[in-house]
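Report on the structure given below.
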Amino acid sequence: MKLRLHGHEILEQALDGTAVPAEAAAAGLACAFGGDGTVLRLARAVAPLNVPILGVNLGRLGFLTATTLEQFDAAIADIAAGRFETEVRAMLDARLVRNKNDVARALALNDVVIARGAHVRSIHIAVRVDGEPLIVYWADGLIVATATGSTAYGFSVGGPLILPTSRSLTIVPIAPHLSFSNAVVFEPEQELDLEVQDEPAVLSLDGQEEHELKQADRVIVKRAEAVARFARTAHARPFVELLREKILKELK
């Protein structure tokens, strides 16, 4: 591999849920070869290590990939020479609490979603903000998204587009029935407590990790202490350009 020929030490890691080895904390860069899904998996794995990520797009245009395979050598040369910036993205810390016990905890870069299970019916989700009751949604589900995730599931159901370096959190209901239908944006330090009042239901993290939910389960979401760090070189396309081309469709 070219990187080894140039004296770089390479640690290969499968993103299949296995733990990242301790020596990865000393890495100067983590490269994800694939699409946005691959970058999401890598971000959850290395965010606690403060290792910057370079997403290398192998498919269609992605929001989280900063370069292409054809540009990879030039991007690596820039990073090795220090010609890059580190863009910091907020992540979510989600805890699944059942009978006052934590049964799962995970990070998410895009979103935390509570959705109805196999039954084709709406579910009730009670929302508290910093311990204060806000609303009980009756909907197919509820999305808590970061600014990074605002271009993903949240946008597809009517949520706002938020510049990715913002630290705000957004709640977007999915197909609300006789419920408040607008998205709500929260301050970075606020904590959201989502209580599931019906079952079956499911908790999804970045659309990649799932947990079955029971009635009275609570999902507590806040901004994580860990952040995702992205290496951006001159080859990275501006977010507004990606937004225009991928979502706003103003193609030239």
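Brief remarks on what is shown
- Using R0 = 25 Å, the C-beta based FRET efficiency linking GLU85 and LEU163 works out to 0.95.
- Taking the chain and dividing mean pair separation by its residue count, relative contact order in percent (alpha carbons under 8 Å, at least six apart): 22
- Distance-filtered residues of segment 80-114 - backbone nitrogen under 14 Å, label point 7 angstrom along GLN215 Cα→Cβ: none
- For segment 86-180, dividing the convex hull volume of the Cα atoms by the residue count gives 122 Å³ per residue.
- Length available on full extension from ASN182 to GLU225: 0.36 nm per residue minus the Cα-Cα distance, which gives 12.7 nm.
- Computed over all pairs of different Cα atoms, the Kirkwood value for the hydrodynamic radius of segment 173-213 is 12.8 Å.
- Within segment 56-152, GluC sites (Glu not before Pro) in DSSP loop having at most 15 other beta-carbon neighbours inside 10 Å: GLU70
- Shape descriptor for the chain: Rg over Rh equals 1.00 (Cα atoms; Rh from the Kirkwood inverse mean 1/r).
FYI, it's all coordinate maths here, none of it is from the lab. Fair warning: this is a prediction, and the values are worked out from it, not measured in the lab. Using ideal geometry, Cβ is built from the backbone for each residue, glycine included, and neighbour counts are taken over all protein chains shown.
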